[in-house]
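Notes to accompany the following structure.
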Amino acid sequence: MTVAKHENGRPRTTPLPKLQTALALLISHAEPVTATVIYPFIPAFVRRTGITNGDEKKTGHYAGIIESLFFISECLCVFHWGRASDRLGRRPILLIGPLGLAIATFGFGLSTSFWQLVVFRCIQGVFNGNIGVVKTLLAEITDDTNLPDALTLLQLMWNVGVTIGPAMGGLLTDPAKRWPRIFGNEFFREYPYFLACAGPAFLAFATFVICFFFLNETLRDYSDKEHKTDPSECDPLLPRPREIARTHHHDPVLPVLPPPNEPSPTLHEIIIPNVPLQRSLTCHAFYSFTNMSYTVLVPLIYSTSIPNGGLGLSPYKIGAILGVEGVCVAVFPVFGWKPMLNRIGLKNTFILSYSFHIVRIGMLMLARMAVATTGTVDWMVWMLIAAQISSSMFSSVAYNTTATLILKSTPPNALGAVNGIQQMISSGLKGLAPTVASSLFAVSLALDWKVTGGEGGICRYMADLIQLVVITAGVWYSLKLPNYKLIQ
């Protein structure tokens with residue numbers, strides 16, 4: 001299939017297939033909404049179940065369990081959903097996901113005991129395990145010229161979801177007290193969090209209905225493509241990664257696996273011979289862990305009192321800073337990522353972006369030092385916070401860059417399985433990083449008090465320094481990434 005070109009011979013950007021892209025984004029939107037909608041009310045919900053026996057100090061422990069179970073159960077299932085999509089097709093797996101999410105989220109809102117919350121939260125994670133299949137579908141309906149656009153929209157939908165989810169959870173909690181004329185009946189008094197859960201559940205169910213009628217299957221037999229004469233909207237216009245590797249000498253050589261109509265390759269056959277894929281997945285793991293650790297540490301550091309090594313900011317100021325950072329992180333990839341790819345390529349884009357992660361951790365640590373010296377948040381601290389937010393903008397494109405590298409390193413008959421592995425890494429580290437990061441922060445403060453008596457020393461910055469070491473190791477390892485070139 002030929003690719004439309006400009007007069008100068010450069011490929012013209014292929015328009016995204018609007019309907020199929022919109023449906024894929026709608027499915028992906030369910031994860032952040034259902035994952036974050038519980039954050040505003042889960043402490044109160046946990047206390048309401050009676051599991052804490054009136055001890056408020058235990059609330060954080062049990063609330064943390066509920067919050068993490070979503071990502072842990074997703075981690076355990078996402079690879080199997082991706083592998084199933086390679087055999088059964090993308091469409092059936094993508095339809096099962098939002099339907100299961102809708103049922104589980106409705107059940108979560110109707111729960112009355114802590115263990116019911118545990119069960120339904122795990123089910124939510126299980127049925128959200130098809131997020132990797134969404135990336136596979138996008139890879140199969142795009143080519144090198146518009147894949148960055150599709151992944152940018154995917155990241156934008158995530159950022160919108162993590163904004164809408166908590167807002168929906170906070171607004172719709174306990175409607176019997178907030179709007180007694182409308183919801184002041186016995187049902188909503190007995191289930192004060194049902195309406196907050198019903199919002200994202202209805203969104204997931206509506207997604208299932210719409211996709212049932214309009215979502216197309218994109219899995220096809222690549223071994224028969226020479227005999228196809230009538231391409232469809234779902235066919236990629238440019239060769240897939242394995243074919244590109246055969247025709248472009250600057251690309252790494254990928255292992256030749258059996259075509260999709262033969263038995264699917266094992267996990268060993270997919271990853272072990274494929275060095276470019278190994279390196280891309282490793283860099284993805286580095287970024288996923290350190291980025292989630294940063295996400296957890298920022299509000300902790302902002303809210304911790306100045307004598308204990310934090311900035312002592314009010315919830316209002318913390319919300320404003322995180323809101324500004326969220327908008328910047330959401331908007332920048334839309335305008336900045338593709339020009340970066342065109343100018344410096346995939347490998348160098350990841351290296352540059354991940355290097356800015358060092359800068360934002362450094363700015364955060366310098367802000368803590370400045371506050372410890374002056375005892376107040378002055379203009380210099382605000383300048384450092386502004387630099388931290390600016391660094392987050394450039395760091396935000398690293399995730400999509402590793403996703404593209406993984407797609408370029410994957411044979412076409414293993415796309416679902418590999419995207420499942422990628423999402424399994426993300427989900428597992430999202431469940432692990434909050435515990436590790438917050439524990440390191442607590443240990444660093446305790447050690448600081450033990451060593452200096454609270455006077456302040458290098459010990460209180462231990463969590464920041466460990467992050468800097470891990471990120472530096474990740475940047476060093478990223479020098480080994482394959483030097484793929486997108487056709488732009």
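The eigenvalues of the Cα gyration tensor, multiplied by 5 and square-rooted, give the chain an equivalent ellipsoid with semi-axes of 39, 30, 20 Å from largest to smallest.
Its DSSP H runs of at least 4 residues, each contributing -39,500 (n - 2.57), put the calculated 222 nm mean residue ellipticity of the chain at -23500 deg cm²/dmol, to the nearest 500.
Neighbour counts of C-beta atoms inside 10 Å place 186, 67 in the sequence 186, 67, starting with the fewest.
Take every Cα-Cα distance within the range 340-424, group them into 5 Å bins from 0 onward, and report for each bin the whole-number percent of pairs it holds. Per 5 Å bin, starting at zero, the Cα-Cα P(r) for the range 340-424 comes out as 3, 14, 18, 14, 13, 12, 9, 7, 5, 3, 2, 0 percent. In terms of the mean number of neighbouring beta-carbon atoms within 10 Å, the peptides 32-41, 175-184 order highest first as 32-41, 175-184. Cβ crowding within 10 Å, taken as a proxy for footprinting-reagent exposure, orders 279, 91 from fewest neighbours to most as 91, 279. Here the dipole of the chain is about 420 debye; that uses its Cα centre as origin and unit charges on the Cβ of Lys and Arg (positive) and Asp and Glu (negative). Values of log10 I(q)/I(0) for the range 14-212 across q = 0.11, 0.14 Å⁻¹ run -0.52, -0.80, by the Debye formula with one identical scatterer at each alpha carbon and no solvent. Take each peptide in 410-417, 45-52, 427-434, count the other Cβ atoms within 10 Å of every residue, and average; sorted highest first, the result is 410-417, 427-434, 45-52.
Please go through the residue pairs 18/430; 338/408; 135/408; 408/430; 135/480 and name each one whose alpha carbons sit more than 22 Å apart in this structure.
Details: 18/430 31 Å; 338/408 16 Å; 135/408 12 Å; 408/430 24 Å; 135/480 24 Å.
The pairs that break the limit, which is 22 Å between Cα atoms, are 18/430; 408/430; 135/480.
For the range 352-488, the Cα-based Rg and Dmax, in that order, read 18.7, 60 Å.
Among 393, 383, a tally of other beta-carbon atoms within 10 Å of each Cβ gives an order, fewest to most, of 383, 393. Annotation: peptides 16-28, 127-139, ranked by per-residue average of other Cβ atoms within 10 Å with the highest first, follow the order 127-139, 16-28. Phi angles across the range 26-36 convert, under the Karplus curve 6.51 cos²θ - 1.76 cosθ + 1.60 with θ = phi - 60°, into 3J(HN,Hα) values of 5, 5, 5, 5, 5, 4, x, 5, 5, 6, 9 Hz, Gly and Pro given as x. Pop out the ³J(HN,Hα) list for the range 281-294 in order, Karplus 6.51 cos²θ - 1.76 cosθ + 1.60 with θ = phi - 60°, rounded to Hz; leave Gly and Pro as x. Once rounded to whole Hz, the list reads 5, 5, 5, 4, 5, 4, 5, 4, 5, 6, 5, 5, 4, 4.
Since every read-out is calculated from the coordinates, none of them should be taken as a lab result. Since the model is a prediction, treat every value here as computed from it, not as a measurement. Don't worry about glycine lacking a Cβ; one is built from the backbone with ideal geometry, like all the others, and counts go over all protein chains shown.
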